[in-house]
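J.: Sharing a structure below in structure tokens format, with a few things to ask.
Read the figures in this text as sums done on the coordinates, not as results from a lab. Since we're looking at a predicted model, the values are computed, not measured. Note that each Cβ is placed from the backbone with ideal geometry, even for glycine, and that neighbours are counted across all protein chains shown.
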Amino acid sequence: MILALVLLLIVLVILGLPLFLGILAAAMLGLHMSGVDFAAIPIEIYRLANAPVLLAIPLFTFAGYLLSEGGTSARLVRFSKSVFGWMPGGLGVVALITCAFFTAITGATGITIIALGGLLFPALISEKYSERFSLGLMTTSGSIGLHFPPSLPIILYGFVSGASIEKLFMGGIIPGLLMVAGPCLFSIYMGKKWQLERPPFSFHEFFSALRAAAWELPIPFLIIAGIYSGFSTATETAALAVVYVIVIKVFVFRELTLGKDLSRIMTESMKMVGGILIILGAALGFTNYLVDAFIPMKILDFMEGMVETRIGFLLILNVFLILVGCMMDIFSAILVVVPLIVPLAARFGIDPVHLGIVFLANLGIGYNTPPVGLNLFIASSRFDRPIVELYKATLPFLLLLLITLLLITFWPALSLFLPGLLDS
């Protein structure tokens, strides 16, 4: 029966049924066959509506959409270039760091590629970077930065799994830096190999770029300070972030108007949030059925017959999650998959924070994994290049990210060192 439900869900979605309807249909059929009242679904949705931390998602999403308008991306690129442009392959480093920062504050990889691609891709080509390298760099840079505050996937993962969002934010910093560092080192290596021009470091340009971006650069640090100082909760910090971004975009830079622009951006951002919450409500109903049917325990019993070690479980988990990342957006994957893997990971003694960081790293890599990684299709459309060309371009970067993933997976201290400071 379980296999039939899974196949039903897959077939319905492939045929074009919205994901939330496919999940809801599978949940209702499962509950009916198990003799459980359908009231379990609205009860779960009511529990969702009463979760205070969930308010942070629409607020941070709105702030991210506001920042994606106007000249924020250009100011961030200029500042990054003033700091790193003198290095061999410096513009590639600038692109990676800027994209990671932008993804962290906007919460969506597609926005990063679309917003920054038109600015950075032509700049890379004009600086004599090869087209294949530039395509690969811009495509993969869209999914780095998911580990940094105020990452929406981290907030949603913490809500679904029950793990501490504050510890997940702290735990993601070192792994997130490593995922940025690998491609940056590759860019430096290629810059030396191609003997690209390196403009000298200019203190005048640095301070000029710093002044221009001074209002936007502190945003992630203010969010971290607000949460960890105890001054505000994650939801209150999100509300303060929205107010701050509105002030700088409307009154400081005068790039947006309070009337027409604000209402338009709010509508666009809430469409995304609405899609997430609809899927979340359906997924919670489906999770209710899975728990009642003891599905996690059955999967665990099956895996224990095949995998007896923690290392073996983590290897299988990585392969599985990368495949999931290819086929589903990160929000849907969190809602559907996390309730299944959390009890399995607990049985193998994997820390919930470490599991969350590994989970997000896998899904970020899955976005760039052929044949159906989402970033590949977004980049193909944005840069007007065949999808096969994107496959070839991303392979070196994908290999670097996979090496980093193994490091994060099998060295838990990378994820647990900073959260451990909160307990000491």
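J.: Have a look at region 37-423 and give its Rg and Dmax from the Cα atoms, expressed in angstrom.
T.: Using the Cα atoms of region 37-423, the pair Rg, Dmax is 20.9, 70 Å.
J.: Ranked from highest to lowest mean number of other Cβ atoms within 10 Å per residue, what is the order of the peptides 86-97, 411-422, 389-400?
T.: Result, highest mean first: 86-97, 389-400, 411-422.
J.: Rg to Rh ratio, region 321-413, alpha-carbon atoms and Kirkwood radius?
T.: Using Cα coordinates only, the ratio equals 1.03.
J.: Something else: Step through the table entries Lys193/Lys249; Lys192/Lys392; Lys249/Lys271, compare each Cα-Cα distance with 32 Å, and write down the pairs that go over it.
T.: From the list (Lys193/Lys249; Lys192/Lys392; Lys249/Lys271), the Cα-Cα distance tops 32 Å for Lys193/Lys249.
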